[in-house]
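The values are calculated or read from the model by the stated rules, or taken from the named source; none is laboratory data. Nothing here was measured: the structure is a model prediction, and the numbers come from that model. Cβ placement follows ideal geometry from the backbone for every residue including glycine, while neighbour counts extend to all protein chains displayed. SASA here: full protein model, heavy atoms, side chains in, ligands and nucleic acids out. Shrake-Rupley method; radii C 1.70, N 1.55, O 1.52, S 1.80 Å.
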Amino acid sequence: MARKKNNTSISIKKRVVGTLNKGLVPVEYSFRLFRKAFNSIKKTAPLVHDEIDALIKSNIVTIDKRKRIFKKTKFEDFGETITSSLIKKIPNVNERELRKIVGSRSSQTFMDMIAKGLSAGSISEKDYTILSKEKKFKRVLIANRGEIALRVIRACRELGIETVLVYSKPDKNTLAVKFADKTYCIGNETSYLDVNKIINIAKKTKADAIHPGYGFLAENAKFAKLCEKNKIKFIGPSSRTIELLGDKVMAKKTMLKAKVPIIEGTKKALKNKKHAIKVARKIGYPVIVKAAAGGGGKGMRIVKNKENLENAYDSAVAEAHLSFGDQTLYMEKYIEEPRHIEFQIIADQYRHVVHLGERDCSIQRKHQKLVEESPSPELDEELREKMGSVAVRAVSATKYEGAGTVEFLIDKNKNFYFMEMNTRIQVEHGVTEMVTGIDLVKEQIKLASGARLAFNQDNIKLDGWAIECRVNAEDPLNGFSPSIGTVTNYIPPGGPGIRINSICHSGYKVLPHYDSLISLLICHGNNRHEAIARMERALHEYLISGVKTTIPFHLAVLKNKNFINGHFTTSFIEKNNILESVKKHCRKERKALTNEEKIIVVSTTVSKYMEKKNHQNNKPNQWVMAGRQEAMGQETN
């Protein structure tokens with residue numbers, strides 16, 4: 001009889017467990033993050049941990065008197081229990097707010113409540129994706145160099161992922177090579193484009209994925225396809241998506257279908273110069289000729305009249321072929337003095353897409369960005385929401401996954417037009433990280449692993465203001481010519497709200513083979529005024545000797561009244577004569593010694609040293625003197 005009763009009890013327990021598992025499916029992700037948050041305080045606050053643990057056990061898995069069902073299956077009901085049990089024990093939280101937060105299905109707001117309730121302050125870096133341990137990459141190969149290589153290494157280390165770095169001979173002594181778990185030299189300065197070597201090393205080291213960084217192979221559809229063929233995850237969108245968005249003509253067609261506003265221009269590639277002249281006459285001057293496979297201002301020419309079109313066409317073809325191996329061009333109507341605004345997006349494999357706000361990249365020279373900020377002083381909430389929705393629609397139309405950027409131009413009447421999409425992490429991604437608290441590189445890696453977005457657009461809130469200055473080893477007084485050489489002294493700035501992405505140090509060599517970027521200096525403030533003030537302070541503190549830098553240029557920009565008031569376009573540098581005021585902000589450097597002066601200094605120093613040394617040697621020893629005095633005393637007695 002007792003055995004039969006035990007069997008019935010076991011049967012009931014099994015049914016309860018089965019029902020429990022079904023009931024908890026809708027809140028699986030929220031519960032995981034909930035559990036993770038409280039496990040982290042088990043050591044520091046054991047009493048709080050035990051009480052929450054008891055609440056979970058008693059209110060989710062306790063069987064009622066009839067032993068048929070358990071008390072609570074809905075997350076909202078569990079939230080009510082948490083509220084009623086802890087409202088008096090958690091300080092600084094309004095009861096109405098707490099009930100609303102706990103009842104939400106948003107995992108992130110639920111975790112924010114936990115942190116706030118335990119007086120842990122705001123979460124400075126937010127986890128916006130959910131990834132099971134079995135899906136996480138074990139090893140990632142980084143096919144890049146410099147600042148971005150080090151940035152990816154740091155992200156992987158925090159995720160517990162081993163890193164493999166390929167490097168060229170000139171980069172042998174860089175910080176990225178020192179900090180990677182495994183390193184492989186792949187040849188000379190052009191070896192970062194050797195796809196076969198990179199794939200072979202990835203296979204040799206059993207890397208699960210390859211992170212291409214930005215530049216080099218980051219938007220190379222053929223490389224992404226080669227990764228897919230070898231069953232190595234390319235951290236970025238699929239090769240098909242890269243190919244679609246990399247071809248600017250095809251990208252415009254896709255945007256038209258998605259009802260995204262585009263600039264008037266050719267729907268097909270230009271056939272030749274005659275075709276270019278015909279199209280320009282139809283849409284009206286000024287026009288802009290662009291490389292179909294381009295980006296970063298390469299293969300791009302602004303043409304204001306027919307007389308200049310032929311030369312512009314030839315030079316654009318040559319530069320496009322040299323830069324991308326593809327001389328295909330297309331043409332658009334040129335929007336004079338626009339704002340350049342880009343929206344950061346992230347998307348998972350399950351077609352969930354959100355944007356993380358905008359970056360204003362209007363301060364640029366020859367289409368090269370120099371200063372970026374977020375949010376943009378040009379956008380109000382209504383326009384931001386409208387442009388953000390269009391950016392999400394544009395991305396959704398391409399079945400995109402990972403981190404990317406949708407770029408727009410805004411004219412003087414605040415009409416905006418799709419320009420292009422960058423299918424990679426951007427150089428200026430840190431600006432968005434500073435105002436959202438999201439580590440974009442970590443999220444990018446997790447999304448490539450198969451992670452799912454655990455939040456919606458309403459969860460994204462911009463906090464404060466961030467500005468980035470690209471500090472390059474270039475001479476702004478000499479046409480921004482590269483300043484090649486060795487950094488003899490390097491002291492970066494510090495203090496609240498300052499972030500530096502760099503591999504520079506004293507002794508660092510600026511090489512002629514690669515771009516001249518020294519660092520990305522990012523400053524965050526509660527508002528734009530504070531961000532500008534911090535950036536100005538940081539630039540004055542930044543000491544870099546041995547090479548020329550763009551620091552004086554950035555100071556000239558920050559001091560300009562139009563920039564301070566947020567009134568600028570892509571022609572800001574020319575319109576405000578910024579280069580003429582750069583000289584005022586250059587540090588006065590000591591005149592270098594001639595060889596004769598150096599010989600005199602060294603000779604004098606050595607002479608003084610030897611003189612002091614000889615003087616010390618001629619001075620009688622104190623013990624010897626004491627001995628002599630004692631002996632003299634004995635003789636007298």
**OP:** Set the Förster radius R0 to 22 Å, insert the Cβ-Cβ distance between THR594 and THR488 as r into 1/(1 + (r/R0)^6), and round the FRET efficiency to 0.05.
**Re:** 0.75
Original post:
Which order do peptides 379-385, 499-505 fall in by mean Cβ count within 10 Å, highest first?
Top reply: 499-505, 379-385
Original post:
Summing Lys, Arg as +1 and Asp, Glu as -1, what charge do residues with Cβ under 15 Å from the Cβ of ASN565 carry, ASN565 excluded?
Top reply: +2
Original post:
According to a simple spin-label model (label point 7 Å from Cα along Cα-to-Cβ), what is the distance in nm between ILE283 and SER581?
Top reply: 3.5 nm
Original post:
Quick one, what does Rg over Rh come out to for the stretch 417-540 if you take C-alpha atoms and the Kirkwood Rh?
Top reply: 1.02
Original post:
To the nearest 10 square angstrom, how much accessible area does ASP411 have with a 1.4 angstrom probe?
Top reply: 20 Å²
Original post:
Mind checking the dipole of the stretch 407-533: about its Cα centre, +1 per Lys or Arg Cβ, -1 per Asp or Glu Cβ, Debye to the nearest 20?
Top reply: 200 debye
Original post:
What number, in percent, do you get for the relative contact order of the stretch 275-349 if the mean sequence gap of Cα pairs under 8 Å and at least 6 apart is divided by its residue count?
Top reply: 34 percent
Original post:
What shape does the stretch 385-474 take by its C-alpha gyration tensor, where a ≥ b ≥ c are the square roots of the eigenvalues and a/c under 1.5 counts as rounded, a/b above b/c as prolate, and the rest as oblate?
Top reply: rounded
Original post:
What ranking, highest mean first, results for peptides 482-491, 544-553 when packing means the other Cβ atoms within 10 Å averaged over each residue?
Top reply: 544-553, 482-491
**OP:** Compute the distance in nm between two label points, each set 7 Å from the Cα along the Cα-to-Cβ direction, one at LYS333 and one at GLU158.
**Re:** 4.4 nm
Original post:
Where the centre of each part is set by its Cα atoms, how far does the stretch 311-361 sit from the stretch 179-236, in angstrom?
Top reply: 24 Å
Subject >> Distance between the stretch 246-305 and the stretch 504-543 - C-alpha centres, whole angstrom >> reply: 35 Å
Subject >> the stretch 476-515: C-alpha gyration tensor shape, a/c 1.5 cut-off, then a/b vs b/c >> reply: prolate
Original post:
Under the Karplus relation 6.51 cos²θ - 1.76 cosθ + 1.60, θ = phi - 60°, what is the ordered set of whole-Hz ³J(HN,Hα) values for the stretch 343-355, x standing for Gly and Pro?
Top reply: 10, 7, 10, 9, 9, 9, 6, 9, 6, 8, 10, 9, 10
Original post:
How far apart, in nm, are two points set 7 Å out from the Cα along the Cα-to-Cβ line at ASN565 and at CYS185?
Top reply: 5.7 nm
Subject >> Alpha carbon centroid spacing (whole Å) that separates the stretch 428-444 from the stretch 377-420 >> reply: 18 Å
Original post:
R0 = 41 Å: FRET efficiency of SER132 with LYS172, Cβ-based, nearest 0.05?
Top reply: 0.60
Original post:
Over the stretch 490-597, what is the relative contact order in whole percent, taking alpha-carbon pairs under 8 Å and six or more residues apart?
Top reply: 24 percent
**OP:** Report the extension gain between VAL601 and LEU543 in nm, rounded to one decimal, defined as 0.36 nm multiplied by the number of residues separating them, less their alpha carbon distance.
**Re:** 18.3 nm
